[in-house]
Structures are given as C-alpha cells and as structure tokens.
1. List the residues of the range B:34-51 that lose 40 Å² or more of accessible area once all protein chains are present, compared with their chain alone (1.4 Å probe, heavy atoms only, no ligands or nucleic acids).
2. Which net charge results when you count Lys and Arg as +1 and Asp and Glu as -1 among the other residues whose beta-carbon is under 14 Å from that of B:Ser135?
3. What FRET efficiency comes out for the pair B:Ile18/A:Val365, r = Cβ-Cβ distance, R0 = 30 Å, nearest 0.05?
4. Which value, in debye to the nearest 20, describes the size of the charge dipole of the range C:143-275 about its Cα centre when Lys and Arg Cβ atoms bear +1, Asp and Glu Cβ atoms bear -1, and nothing else is charged?
5. What residues in the range C:311-347 lose 40 Å² or more of accessible surface when the other protein chains are added to their chain alone (1.4 Å probe)?
6. From the helices alone, meaning DSSP H stretches of at least four residues, give me the mean residue ellipticity at 222 nm for the protein assembly as shown, per-run term -39500 (n - 2.57), in deg cm²/dmol to the nearest 500.
7. Angle, helix A:386-415 long axis vs. longest principal axis of chain A, Cα atoms, 0 to 90°, nearest 10?
8. Can you spot the aspartates and glutamates whose alpha carbon is less than 16 Å from A:Lys332's alpha carbon? Ignore those fewer than 8 places along the same chain.
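The values are calculated or read from the model by the stated rules, or taken from the named source; none is laboratory data. Keep in mind the model is a prediction, meaning the values are calculated, not measured. Cβ coordinates were reconstructed from backbone atoms using ideal geometry, including for glycine residues, and neighbour counts include every protein chain displayed. Just so you know, the surface numbers come from the protein's heavy atoms only, side chains and all, with ligands and any DNA or RNA stripped out. Shrake-Rupley method; radii C 1.70, N 1.55, O 1.52, S 1.80 Å.
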Amino acid sequence: MAQASTNMRLKLPITCFILEIILIILFGVLVQYNHETDAKEWYNETQSGHSNYENDFYYRYPSFQDVHVMIFIGFGFLMTFLQRYGFSSVGFNFLIAAFSLQWATLMQGFFHGMHGGKIHIGVESMINADFCTGSVLISFGAVLGKTSPVQLLIMAMFEVTLFAVNEFVVLSVVGAKDAGGSMTIHTFGAYFGLVVTRILYRPNLDKSKDRNSSVYHSDLFAMIGTLYLWMFWPSFNSAVTAHGDAQHRTAMNTYYSLAACTLSTYAMSALTAHDGKLDMVHIQNAALAGGVAAGTAGEMMLTPFGSMVVGFLAGIISVLGFKYLSPILEKKLKIQDTCGVHNLHGMPGILGAIVGAVTASVATVEIYGGGMEAVFPDVADGTIDASFQGVRQAIALAVTLGIALLGGLIVGFILKLPVFGAPPDTVCFEDSIYWEVEQSPHHTGEGTETGDVRHVKAHATDKTWALSDFTFLVCERN
Amino acid sequence: MAQASTNMRLKLPITCFILEIILIILFGVLVQYNHETDAKEWYNETQSGHSNYENDFYYRYPSFQDVHVMIFIGFGFLMTFLQRYGFSSVGFNFLIAAFSLQWATLMQGFFHGMHGGKIHIGVESMINADFCTGSVLISFGAVLGKTSPVQLLIMAMFEVTLFAVNEFVVLSVVGAKDAGGSMTIHTFGAYFGLVVTRILYRPNLDKSKDRNSSVYHSDLFAMIGTLYLWMFWPSFNSAVTAHGDAQHRTAMNTYYSLAACTLSTYAMSALTAHDGKLDMVHIQNAALAGGVAAGTAGEMMLTPFGSMVVGFLAGIISVLGFKYLSPILEKKLKIQDTCGVHNLHGMPGILGAIVGAVTASVATVEIYGGGMEAVFPDVADGTIDASFQGVRQAIALAVTLGIALLGGLIVGFILKLPVFGAPPDTVCFEDSIYWEVEQSPHHTGEGTETGDVRHVKAHATDKTWALSDFTFLVCERN
Amino acid sequence: MAQASTNMRLKLPITCFILEIILIILFGVLVQYNHETDAKEWYNETQSGHSNYENDFYYRYPSFQDVHVMIFIGFGFLMTFLQRYGFSSVGFNFLIAAFSLQWATLMQGFFHGMHGGKIHIGVESMINADFCTGSVLISFGAVLGKTSPVQLLIMAMFEVTLFAVNEFVVLSVVGAKDAGGSMTIHTFGAYFGLVVTRILYRPNLDKSKDRNSSVYHSDLFAMIGTLYLWMFWPSFNSAVTAHGDAQHRTAMNTYYSLAACTLSTYAMSALTAHDGKLDMVHIQNAALAGGVAAGTAGEMMLTPFGSMVVGFLAGIISVLGFKYLSPILEKKLKIQDTCGVHNLHGMPGILGAIVGAVTASVATVEIYGGGMEAVFPDVADGTIDASFQGVRQAIALAVTLGIALLGGLIVGFILKLPVFGAPPDTVCFEDSIYWEVEQSPHHTGEGTETGDVRHVKAHATDKTWALSDFTFLVCERN
C-alpha cells in the first residue's frame, strides 16, 4: 500500500547515521564535563569547603526526571489519541526527542555554555536540552500524522537551532525572564509548527479523515500523557529557576494554576459540547493550558490567587479555541493543526507572556525584598526599573513570534522537498506506512477456518490493520 | 439514551464556575506564601544563616510528586477496570481531585495553618491537600459508576470539610499520630464512602450489571494504577513525617509491608478463587493493603519484621473481604461498594490504626532514645506515658469512624436530591451518559459495505459503544 | 482447558506462604535498622553534628524510586507485548519482584551488610535489593510464557542467592567496579536465563506460536515499559555510585549513551526490517541497550563522547542480534528466548563490561585528580595500577559468565521437575491458565441474540478469550 517514496529503508538509516555521527564528532571536539561532573574539578571544589551533598545534581535531578517523563511519556502518549497512529506518536516522539536533546546540547551550549572554546555540561544543560526538545515536540503535534520520520528529523534539526537563537536573544540580549518557557518553548514551538503545517497544507487531507479521530482505548492511552504532563508541570516550570524560594514558589504557583484550569476546562467543555457531554479532546489538552500560562510568571510573586486567575482564563480560552477557532483556522487559513497546539500552547503561551510582562512591571522591593535579586537582577541592582522589565518581556514575545513565524516559513518549504518520503493524502494518520503492524493470527487464521479469507484479505489490503480493528466488524450476508 | 436529567450542559458548568470563583476569591482574601515560598521572607532567612539548599522544597517535593502521581494516575487508572467507564474513572478522578486539592488548602489551612488571619502555604500544605484529596477519591471508589460529576463535586466539598475537621480533632485535639493516614485518610474515606453508597442504594442496579465488570484491556489499564500506588506508597506514608530517620524509616517499613502483602495476596487469591486461578480484582487491590495498614505505625520503630507481619495480615484480610464479605455487605446491608474500598481501605485502615495504637503503647526510651521527640513528643517530654499514647490512638480511630459514618449519612441524603443528574439504574457504569464517545468509522462504515447497517445501527442505539466493543461480535445467520 | 497439573490452588499458596513465613522469621532474627533509619542511632548522630538533612534518604531515595518504577512498571509492561499474556507479564513480574526484593535483602545483607551478626538496612540496601530483583526479571524475560508462577518463585529463590554470591565475588573478592551492573545485573541475568530456557527447551512450542506475538494494543502497553526503562536508566546506573561528581556524571553519561543508542536503533531497524518499516520489537528493546552498555563505565570518566560511541554501538549490536542471531540461537542451540534478553541484556552487558575494563585500564591521575579515590580506590592509594584494574574488570566478566551459566544449568534442571505446574506446549503464552479472564457480556450475550451462540461458545472453549480478541473476527458462511 505504501508508495515507494515512503519507503524508509535507506532514507531513515542514512539520516540517522549521518546525524548521529556528526553529533558524536562534535561532542568529541567540543563537549566537556562541567565542574560538577568532572572528577578532578569537583574534587578540588570539595577540597575548598564544598560538600558532595552540595553538588547541583541533588537540587536539579529530581526536576530533570520529571521533565524527562513529560517529554517522552507526556508528549508521546498525549499524541496516541489517533486510532491508527499510536506507534508513530510514541515512536517518532521518541526518535526526534532523542535526537533533539543531543543537538540542543550543542546549540544551547554554543550560545550559553562556552568556556574556553568548550561546552561544559551537567544536569542544568540536560534540563535545558529537554526543554528545547519540548518545543520541537509541540511543533510535531501540529504536523502529526502527515510527515515522515525523516521530515521530522530535518524539522527538529532546524527548529532546535532556531530555538537556541531565539532563547539567546530573549534571555541574554533582551534580558527577559522565562523560566517555564511560556514564550521560548510554548509560543515558539506552537507558531513554528503552525506555519510549517500551513506550508505543508494538504487540500485533500479529508481522504484520511476517517483515521483522524480517536477510538475508546486510544483516548485512554492519551490520558496517560495528559496526566503526566499535568502532574509534572510544576517541576517543569521550576526546573531551572533560582534555588530556594523561587523554585518552591514556581512549583506551587503552577500547581494552583493547573487546578483552577482543570475546573474551567470541564465547565467549558460541558457548556460548549454536544448535549452537555464532556469532550475528551478538551480534557486531554485544555486542562494543561494553566501550566503553559504560568510558565513566565510562575517564578514571580504572582500569588496563588493570581495563578488561579491565570489558569482559570487559560482553560476557558483553550476550550473556546478547540471548539470555535480551530475549525476557522483550518477552513480560512488552511492550517491543519492535528493536535490543536494553537489552543494548548499557542494562545496560552501568549497569555503567559502577557501575564509575565504585567507581573514583572509591577514588581516592587516592598514585595520581593532582597529576593528581587534572584528574580529580576537588573531591577534589583537599579540598572532598570520594573516597568522596563515589563517592556523587555513584551519585546521578548514579539521576537519569539517573529523568529517562530519566519523560521517555520523557511523550514516548511524545506520540508516540502519531495525526497523526504511524506505520506500521500490517502494514508495520513496511519502507522502501517512506516511500521510493521503485526497481524493477529485471528485476522487471517480465523478467516481461513471459516472460509472468509478472501474477504479478510481484501479488507487488509485496502485498509491497514490498526487500532480501529479493535472495533472491527465483518459480517457477511448470504 | 441519556435522560434529560443527566444532561450536564448547565449543571456542570454552573457548579464548576461557582466553586472555582469562590475558591479564587477565598484564596485572594486568605492565602499567602509561607516563609519558604515568599521572596522577601526567605531572603531574610538566608541572611540569617540559612542556605537556599535548606529550603524544605528539596526535602519534601520529591515525596510530593510521588503522592501527586498516586492521586491522579494511581487512583485514576485503578478505577479504569470497568469496561465502559474508563473516561469517567480517569476523568472524574481528575476533576474532583483538582477541586479537592484547592478546597483542602483552605479547609486544612483554616484548622492548621492560620498566621495572623492568613493561611500560609508551601510544599507541606500541598502534600496535605493531596492527602485529603486521596480520602475523597477513596469514597469515589465506593460510588463509582453510579454518580454524576456534579454529585461528586458536592460530595467532595462536604467530605473535604469533614476530613479537615476530623484531622484537626485526631491530630491536634486527641494528640494521635497518623503520618500515613491509616485513620484520617483510609478509614475516614472508606467508611464515609460506604455510608454514602448505602444511602444511595439502588435496588435495581443489576440492570447495569453487564457493564459492572472488566474486560481484558481494562484490567491492564487498572494495573497501571495499582503499580503506581504500590511503588509510591513508601513516599506517601513518609511524606509528612519528621525529617531524618523518621522519614527514612517510614519509607522502608512501608516497602517491606507491601512486599509481604503482595505474597499473601497472591497466595490467598489462588486459594480462594475458582480453579486455583488468580483473580485480577485481588491483585489490583489487596496487594496494596500493606501500604494502608502501615500508615499509622510506619514512622514508629515497627521494625521491618513487624512491618512484614502487618502487610502479610493485611493481604489476607483484604482478599477474604473481597471474596466473602463484600457479597454479604451488598446483600444484607445493601452496600454497593463498586471498587471494594472496604477491603482495600476500610479494614486495612482499621488494622493500621490498631497496629499504631499497640506500637505506640510499647514505645520506650530504650528503643527510641532521643529520637522519641520526633515521633512521640508528648511521651518524650513526660506529659504522658507511652501506654496513654496508645489510648489516644484508639480514641482517634473511634472519632474517625464516628465522623465518617455520621458525615456520610448526612452527605448521602444531600446527594439523593434529584437535581444533580445521577444516572438511571439502567445506564450506570457507562461513559456515554457524560462523555462524547467517539464512533470508529468501522462501526458504521464496514456495516454498510457488507449490508449489515441496520443490525449495527440497531445495536448502536440500544447499547452505547465503549470498551466492550473491542470484543464485540456480530454474526448474522441466514 | 488448563490441565490438572497447572492448577495453582494449592501449589501457589503453599509456596507463597512458606517463602513469606521464612522471610518474616529470618527478618525477625537477622535484620535491624541501620544508623540512618534507627531512631536512637540517628538521633545520636545528629547530636554529634549531623543535620537531619544529611540523612542519606535525601540523596538516594529519588534514585531508588526511579529504579523501583523500572522494576515494576518498566520490566512489567515491557513484557506485555504478548497478545494473551498481559496479566501474567505484569502480574508475575509483580509477584516475583515482591519476593525477590525481600530475599535479596537477606542474601546481599549476608554478604555485604553484617554488623555483629545482624543485617543493617536502609535506602542503599533497598536499591541493591531492587537491582538484584532486576536480574531475576531479566531471566524471567527469557522464559516468559513458558513457566508457572511457582517455577518462577523457585527460580527467583536460587537466582537471588547466586546473584549475591557473584556480586560478592566480583565486587569484594575480585575488586571490580560495576555500579550500573553491566556484569552483575545484565550479563548475569541474561545468561542465567538463557541457560534455564535452554534446559527447559520445548520442541513443540510452535503449537503455541500463534500467541507468541503482539497485537497493536499490546505493543503500545509495552512502550510504557520501554520508555520508563529508558527515562530512568540514568538513575539506575547512578543509584549507588559515590555521591557528588560520580553520581552526577554517571547519570549524564547514561543519558547520552541512550540518546545515541536510540538513533542507531531506528536506523538499523529500518535498514534490516521488511520494506524499510520499523519493527516495534527493536524499538522496544534495542533502544535500551545503551543503558546496559553504560552500566560499568558510566561512573568513570568515559566522557559524553565515549558514552555516545558506546550507546551507538550497543543499538547496532542489539538490532542485529534480534534480526539475525536470535533465530540462529533458537534453531541451532535450542534457546527459546521469548523477549530476546540476549540482545538487550546479554551482548550489551558484555559490551559494557569490556568498555568498563578498557576505560578503567586507561585511568590516570591526570584525568581523575583527587576524584580517583571515589572511582578506583585501589588505584588511588597505589595498591594497584590502572591497567590491573582493567584486568580485574575482565576477570569479573569471566566470573559472572561462569556463575551464570553453571547456575542456570543447575536451576534449569530443578525447574524441570514436573511438580511445579508448567503449562503444556499447546497453551504457552496464555493468561487463562493461571488467571481468571473476564468474559465480556457481549461475547456470549450478543451471540445469543443473533443465534450464533454455539459458534461463540465453541470458540470460547478451545481458545481462551484474551487480548487478541480485540481483533477477533467471526464470520459464518452458509
């Protein structure tokens, strides 16, 4: 069934091998242990009064592991909602994440971590690499089901690079704060992906529309992804903040933002959906918008009250986006956004950026005391005043949107090149193009026994076997 | 199919919005960062000699995250065992947990955390809020499949309040110890839920009995819940103990209690079940009883030996309960306990309370040394002797049972009000009343092709499509 | 269907009860809290200047929990790939792990942790007990689907004992380093299991071959196991290393080894599989080989570059093993390795041992500085030179292989005794022998309605209902 062009026998191995060999060579040339992972350097630090217990490993690694679970289980399973695309959702997520975190180590290291011509790495760089990977996976959500693994690797290569550029500009040039990445991760990943999917627009995608939906079980698998994202989002937003109160506060703000978001999501889902019934799409996605929206301001003195207001609004906006805006984007703007990343990451990311700008601009020494230094160092030392920090935050949002949109445009056109093995319109959202999908012995065996082999075989050739076969039904009338 | 009264279009949004807006207002008025999450206060502490690494975040947050996973994934997936109720199990668990943790912050804060008229919050209050939520989810297990989401929210609102009252009486008035909540969480949640389900007794529930069972896949999903509860129970019981040896010891005691419980559960399951075959219901539930039973005494010097004896007994009691007691409770006492919470949380909770009372009463300075202070402060400072601590523990159990039973009675009658949209007896244990359940294209498409459309459609109208459709079978004989 | 000999009504309860009662008695006689879990001893330490925050709980327990998840969710769900063996995969994994961790506490304590005739335990012994359990679960993978739970418990009892002997010889007598267990856990568990499955060779296993494969959903469940193993492997390899740089470095080396391994796995899978399609077997297993191969050298100054080279090679070797070596082992050597543990744990374990020997032999003070003490104490204090440490590592591999092969041989013959209730060749890989498998009401109910009851019933008696029923198809021709 799969057309020759989608055959990955050479394309995928060549791409993977070339990319990995380049990575290994660059790591060999450029990357070194930092002072906390190098045996000699850390020993020398312990000689000058530090305890082994002060190694940052103990204060970042639990957060890192939570983020890691979000990247591989969270994003991976969230996208298994499609009935015939579970292998690809989890499997391509796995592949491009494993690539992106290596490439991000180099790209982010190049911009942030060079010491004497070498990139120094440790647990904090691992968290940042996972963060960058998260952005790529958001874009993956926009193009889900319509791209080959080679396209995804190429997209990841460019997106990681642009992410690192944008992150550098936003954090180091503009001087904005964005610990949880409302801008750098969510807004960037969403709008980049949306432009890519716009460029890859498929006018005949409705030929695959019967697979572009969930079945009962696939929605349960997706809930695994949702819940891990939801539970660990406090760790995500707080993973690279300053130690002490800032990290503690960020986790707690995110916790309350998400809780409030969940209630507004359920409310809006019942209010807008057919017959007052809840829609799994909303629950799986919009309930997470509170985490996105608390990404920038989470480390600030947003207060639990402020966090809940933000989460509450994020849930409402996100459900409304799924219900009313997505169909418009698809029809009018030709943006086929498979997972609705605009509603989960795009709009809530912008909301988070705005909340961050406002919260920054009203920061006072009255509220922050000596803790101002950890959150807004330039305000603390008098270089700028708080309102200008707010302006910086707004500029950061504009820069992020600009780089994401322009980058997505260019990368989208690159991905249109016909050499990457994209699936034809008729077999999008379908695992069996890129994966061996096991045939249960019953499929053929039983058919043979009861004389129905032709019918079964015929079916198997024009429709591939996948998740929806769990509800498969064949009855022959004579 | 769903009757008008179960339509949630207005009921659920109104309930969620009112509750969340009340929460937000009360948080705005009453809740503040505590000294470890407030920028100014924590900075001042660091100035007086504390390191950022001493922020309690680093010593509680990993435990918090394990507890968080138990609440959302553990409880949520444990209840997916029902064939047609996966969306509701995970989804309502998610909704009522997100509500309860906010409400619990206020209720528990009111009783335990007021400072100058304000509730001060941080990671410890987050753990306690999750604990209180756990109690609500235990009660949810008793009424699973027979209640609307609005009923569940109303139940949660009252139960959280009563939980906080009981917790205050048990810990602060009576002066009992219950770090892992054998009494305050498990006994309370179970008996509260059992009385509620008794009041909500449905004499005609057997009209839905074909859905009140598992299918192959739903049992595997449930095992995800079981294992996360099992693995993280050591974190649960130790999450709010004193730091140092107490936290370390509690985790280890729970680990051995659970391991021993698992072996006795498998033994009893094979011994009591049909043909010597293992029963998934026992494995999913009874193997966890060791964690419940170690909830009170886990922080004490129970010894690994003692922990294993307790776990071993808990597993036996729990399987016997599932096998012999639950049917009696249903027939004689009209208690329809969907998940068997009496066997997993009720009896093992009481066992845990008794073990706690006995272990407390034999505590000596010989054994505890200076560590007595952290576990039994009133015994350490000579206010009472150990045997009286045992009496306190027994009183705490009695108080807990009293408040749970009386509270459940009142709340049960409130939930009987016909306005909350409870499902009719014929469509209990059924997702499609409250959720959009996707129709796979095959359901109708294939039928059409083979001329069986009428049969399929007819089926689809009188039975909703859900988990059991994965094993659906239609064959027409001519 | 199950033959009388496979009936577990008495065999399993008797085995479980005897084993658990022996465990409890031995714990009562031999096991004590260590200085960090004992109330009195730890209090005395705090009096002599230690803070409660220095309790090792805070520096090992997060790693322990990650390892714990790998043991119960990781291994358990990885093996659910079989279509009709999900209950047994997760459930027997649960049972034998719960037994093994208790038994390992005693066996490892006997060799490593005796203090005045008592075994002292705490979080580090818990991690080591879980490690030993991991080795048993690897062997379980080799015999998966062909053994009764009683056989598995007997195997676990002997294997844990031999594991502890081997570990003692390798670490304490030979003086090798193996923090992540490339040798002691993976090589040992794999070759032990391979010999056992060789002794238990079933010439007529192809009678069950229609169940010895996956279906769509079972592969998704298995990916849960894969991803948790993959994500938490950095915690596994670093869980018992020295604190500080060593633990930090080990986690990071493993992270990069796994990432590189994932890319080479995808490349090799597409290159070798049919039509250039990816094979789930490879992704589920070979992508983990990088963690195995970094088990010995992970704590050394392997560098990220070195780690990536090792992971890259491990992925290639592992896929080639699955594709070309496993069929040969089965045909020529009569080794029926259900999960392909030779490819995931056997060969990558040996690779890891060799990498460890080489990396050790080139260690210099130039590179390690004062940190040499933590990694190679005997080299640091001049007892031996680094090249001899390399020799020790090689000897350790040889010892491990010797004990594994010989031990597996003996235990294999013990397991052949006909009293343990092994399944007949015709019903291997089948849950319904040992588990109550629920019948969905549709199975019989619908059949009745449409007059097909006899056909359905007939089917239900000669084939048990299980996972593959989700793709079940019955069509009657008239």
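1. B:Thr37, B:Ala39, B:Lys40, B:Tyr43
2. Working: positive: none; negative: B:Asp130, B:Glu159, B:Glu167, B:Asp178.
Summing Lys/Arg as +1 and Asp/Glu as -1 gives -4.
3. Values: r = 38 Å, r/R0 = 1.27.
The value I calculate is 0.20.
4. Numbers: 8 positive and 8 negative charges, 63 e Å.
Charge dipole, the range C:143-275, about its Cα centre: 300 debye, nearest 20.
5. C:Phe312
6. On the way: 62 runs with 858 residues, N = 1434.
Result for the protein assembly as shown: -19000 deg cm²/dmol, rounded to the nearest 500.
7. 30 degrees
8. A:Asp206
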